[in-house]
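The values are calculated or read from the model by the stated rules, or taken from the named source; none is laboratory data. Remember, it's a predicted structure, so these values are computed and weren't measured experimentally. Here the Cβ positions follow ideal geometry from the backbone for every residue, glycine too, while neighbour counts run over all protein chains shown. We work out accessible area using only protein heavy atoms, side chains counted, and drop any ligands, DNA or RNA first. Shrake-Rupley method; radii C 1.70, N 1.55, O 1.52, S 1.80 Å.
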Amino acid sequence: YALYVHVPDRCRSGGCPALYLLDGGRWLPTFTQIAETLAARQAMAPVVFVGIGYRATPGVAPQRQRDFAPGAGADAYIAALQSDIIPFARSHLPISAACGIVGNGDAASFAAYALTHAPDTFDSYLIINPSAAPPAPFTPSTRPHTISLAAARASMPWMHQLGAALLSDPKLTVS
């Protein structure tokens, strides 16, 4: 995996939460610009972005599809996040223990899968336009989380079902 990192000046001394961006090579510039604009208006606390992507080599699309596919591929990717990527970021970047994940499209479907199958991996989840519903059953959470669901498509009934299921857990805040 390739990591793409943005550390705001206010975070250089440490203590800022991390936001892990799936498809990081593509989305890091966009999220960095948005966050810096909001932070300048004091509408958002500073955050360290850790973009996770792939080296620009032939064969990336199959690896990405495998990592984001529900089941064995996604489970292996979650394990890599838990055992390698997040610990590496925590040991090399000025970040606090708090962390979130954001994904769009297939990456959002993976984020929803992580939320429903390994919910304690992240504190917050931003799921934007997921391409598919995560498979049930859901793994119950053991600690509080914040989940934001965003969909541009008008017909996504499973997003409402996921939101309703998540709202029934008192440890979760869904917006």
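Mind grabbing the accessible area of Val5 for me, 1.4 Å probe, Å², rounded to tens?
Here the residue's solvent-accessible area equals roughly 70 Å².
How much of the calculated P(r) for region 1-96 lies past 16 Å, in percent of all Cα pairs?
In whole percent, the long-distance tail amounts to 59.
Under 5 Å between amide hydrogens, which residues at least 5 positions from Leu126 or on another chain qualify, with H placed 1.01 Å from N in the peptide plane?
Excluding prolines and chain starts, which carry no amide H, the hits are Ile101, Val102, Gly103, Ser148.
Which whole-number value in Å² is the accessible area per residue of region 14-71, probe 1.4 Å?
Ligands and nucleic acids excluded, the figure is 53 Å² per residue.
Tell me the net charge near Tyr54. Cut-off is 10 Å between Cβ atoms, Tyr54 excluded, with +1 for each Lys or Arg and -1 for each Asp or Glu.
Spelling it out: positives minus negatives among the neighbours equals 0.
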